[in-house]
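In what follows, a structure is listed as structure tokens, so that the remarks can point back to it.
What follows draws every value from the coordinates through simple rules; no lab data is involved. Everything numeric here is computed off the predicted structure, so don't read it as measured data. When we count neighbours, we look across all protein chains shown, and the Cβ atoms used for this are built from the backbone with ideal geometry, even at glycine.
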Ligand code: PNS
């Protein structure tokens, strides 16, 4: 049987310990994992695509079967191009479920052969989201333990430079 490649897509603005936990779990299940960053998201990101890729690459550097890539357009088109067998998404609370099932079923409609697999992060990260992490950082709170150390440092630098611009 050929190697199984999975894609873990997202905005990663920025990567949190919850994302990292899912990357670790997925890398133990699949032969190869591509962490795929959407570049044409509608929402205005805090970090540029280059900064997000840099952070993702730094934190996954020691994981030999994980690569970081970017995509635009439909996720299923990208997945087919990469010959992927599965899409991985994290489910934290019930609140994630509605959005995730809608996305998974839409993707299945578009590409029936591609499966979406949901993984749960470790429970200590069950509440962590990029949105909350940014909010905490913006108000001067500590995001230690919620994001990898290099992201913590990048966040505080980014918030300071954003405030300086105002
Ligand atoms: O980290 P996010 O923002 O929850 O990730 C969402 C993402 C990037 C997985 C999703 O927006 C996506 O796949 N966008 C690509 C466009 C697409 O394929 N849309 C149709 C399926 S809903």
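Selection of segment 124-147 for residues being surrounded by fewer than 19 Cβ atoms within 10 Å (Cβ to Cβ) and under 24 Å from residue 23 (Cα atoms) yields 124, 126, 127, 129, 131, 132, 135, 136, 142, 144, 145.
For segment 1-16, give me each residue that is away from the ligand (no atom under 15 Å from the Cβ) and in contact (Cβ under 8 Å) with a residue 40 or more places away in the chain. If the condition is that a residue be away from the ligand (no atom under 15 Å from the Cβ) and in contact (Cβ under 8 Å) with a residue 40 or more places away in the chain, then 4, 5 are the ones that fit.
Confirm whether residue 113 is under 26 Å from residue 28 (Cα atoms), within 16 Å of the ligand (Cβ to nearest atom), more than 17 Å from the chain's Cα centre (by Cα) and assigned to a loop (DSSP other than H, G, I, E, B). For residue 113, the condition - under 26 Å from residue 28 (Cα atoms), within 16 Å of the ligand (Cβ to nearest atom), more than 17 Å from the chain's Cα centre (by Cα) and assigned to a loop (DSSP other than H, G, I, E, B) - is met.
Being surrounded by 15 or more Cβ atoms within 10 Å (Cβ to Cβ), within 12 Å of residue 114 (Cα to Cα) and under 12 Å from the mean Cα position of the chain (by Cα) holds for only one residue in 53, 88, and it is 88.
Consider residue 103 carefully, then state whether it is in a helix (DSSP H, G or I) and under 21 Å from residue 24 (Cα atoms). In short, no.
For segment 24-45, taking the residues that are outside any strand (DSSP E or B) and within 13 Å of the ligand (Cβ to nearest atom), the one that is surrounded by the most Cβ atoms within 10 Å (Cβ to Cβ) is identified as 45.
Against the list (1) surrounded by fewer than 17 Cβ atoms within 10 Å (Cβ to Cβ); (2) within 13 Å of the ligand (Cβ to nearest atom); (3) in contact (Cβ under 8 Å) with a residue 60 or more places away in the chain, the condition residue 78 fails is (1).
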